[in-house]
Amino acid sequence: MNVRCGTDIVDVSRFVKKIEDGNQSFINKCFTESEIEYCNSTKDLNRKAEHYAARYAAKEAVGKALGTGLMSEGVGMHDIEVVNDGRGTPGVKLTGGALDHAKALGMSSISISLSHDGGVAIAYCVMLVEK
Ligand SMILES: CC(C)(COP(=O)(O)OP(=O)(O)OC[C@H]1O[C@@H](n2cnc3c(N)ncnc32)[C@H](O)[C@@H]1OP(=O)(O)O)[C@@H](O)C(=O)NCCC(=O)NCCS
C-alpha cells in the first residue's frame, strides 16, 4: 500500500471577478451542476467565490495526487467532483479519465480537506493506492 498526496492554493479574487463578470461558461466548464448548486447556495459574493476557489484547488490537488495534473492525460474538470455530506465534510467523486487513472493505480481510498480564509482557498488530497 502506498500513499499519494496533492495540494493546491487558489486566489479567491479570481473567482470574485469571474462571478462579477457573469462568466458562466467558465464556471460551467470547470464545475458540475451539483458543485455549482453548492457554491451558489449563499448570496454572499465572497463566500460564493471561496466555495468555487476551494473546489478548483481540490481538482488540482486530486490531479496532482493522481500524477496526471488537470486537463491532461484524459482527466477533465468534471471528472473530479467535490461532494459535501450532511455535516459539510467534503469528499470526492471520480468519473471518466480520473477514475480510469485511479483504477490503474489501484486506488482504495481518497480523501480531501478544504479551507478558505484571507483571500485564498487551499485543498489537500490523500489517496491510498496499490502502486
Ligand atoms: C467545519 C469547520 C472546522 C470549518 O472550519 P472554518 O475555519 O470555519 O472554515 P474553513 O475555511 O477552514 O473550512 C471550510 C471547509 O471545511 C469543510 N468542512 C465543513 N464541515 C466539515 C466537517 N464536518 N469536517 C471536515 N470538513 C468540513 C468544507 O469543505 C468547507 O468548505 P466548503 O464549504 O467550501 O466545502 C468549523 O466550521 C466547525 O468546527 N464546524 C462544526 C461546529 C460548529 O459549527 N461550531 C460552531 C463554530 S462557532
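Placing +1 at every Lys and Arg Cβ and -1 at every Asp and Glu Cβ, with all other atoms neutral, what dipole size does the chain have around its Cα centre, in debye to the nearest 20?
100
Ranked highest first by the average count of other Cβ atoms within 10 Å around their residues, in what order do 75-83, 108-116 fall?
75-83, 108-116
How much length is gained on full extension from Cys5 to Ser108, taking 0.36 nm per residue of separation minus their Cα-Cα distance? Mind showing how you got there, number by number?
Working: separation 103, 0.36 × 103 = 37.08 nm, distance 1.37 nm.
Residue separation times 0.36 nm, minus the Cα-Cα distance, leaves 35.7 nm.
With a point put 7 Å past each Cα toward its Cβ, work out how far Met71 is from Ser13 in nm, to one decimal.
About 2.2 nm separates the two model spin labels.
Calculate the tail of P(r) for the range 47-102: the fraction of all Cα-Cα distances greater than 16 Å, expressed in %.
Within the range 47-102, distances greater than 16 Å cover 38 percent of Cα pairs.
For helix 45-66, what angle does its Cα long axis make with the longest principal axis of the chain, in degrees from 0 to 90 and rounded to 10?
The helix 45-66 is inclined about 20 degrees to the chain.
Report, to the nearest 10°, how far helix 96-105 tilts away from the longest principal axis of the Cα atoms in the chain, using its own Cα long axis and a range of 0 to 90°.
Helix 96-105 sits at roughly 40 degrees to that axis.
Would you calculate the separation in nanometres between label points at Phe26 and Thr42, each defined as 7 Å from the Cα along the Cα-to-beta-carbon direction?
2.0
In a shell of Cβ-Cβ distance under 13 Å around Lys103, excluding Lys103 itself, what net charge do Lys and Arg (+1) and Asp and Glu (-1) give?
Working: positive: Lys131; negative: Asp79, Asp100, Glu130.
Its environment carries a net charge of -2.
For Met1, Met71, Met127, what ranking results if the residue with the fewest other Cβ atoms within 10 Å of its Cβ goes first? Mind showing how you got there, number by number?
Working: Met1 9, Met71 16, Met127 22.
Neighbour counts put them in this order, fewest first: Met1, Met71, Met127.
Out of all Cα-Cα pairs in the chain, roughly what percent, to the nearest whole number, are more than 18 Å apart?
Summing the P(r) tail past 18 Å for the chain gives 50 percent.
At a threshold of 8 angstrom on Cα-Cα distance, excluding pairs fewer than six apart, so keeping six or more, what relative contact order does the range 1-90 reach in percent?
36
No value in this document is a laboratory result; all are computed from the given coordinates. For clarity, every value in this text was computed on a predicted model and none was experimentally measured. Backbone-built Cβ (ideal geometry, glycine too); neighbour counts: all protein chains shown.
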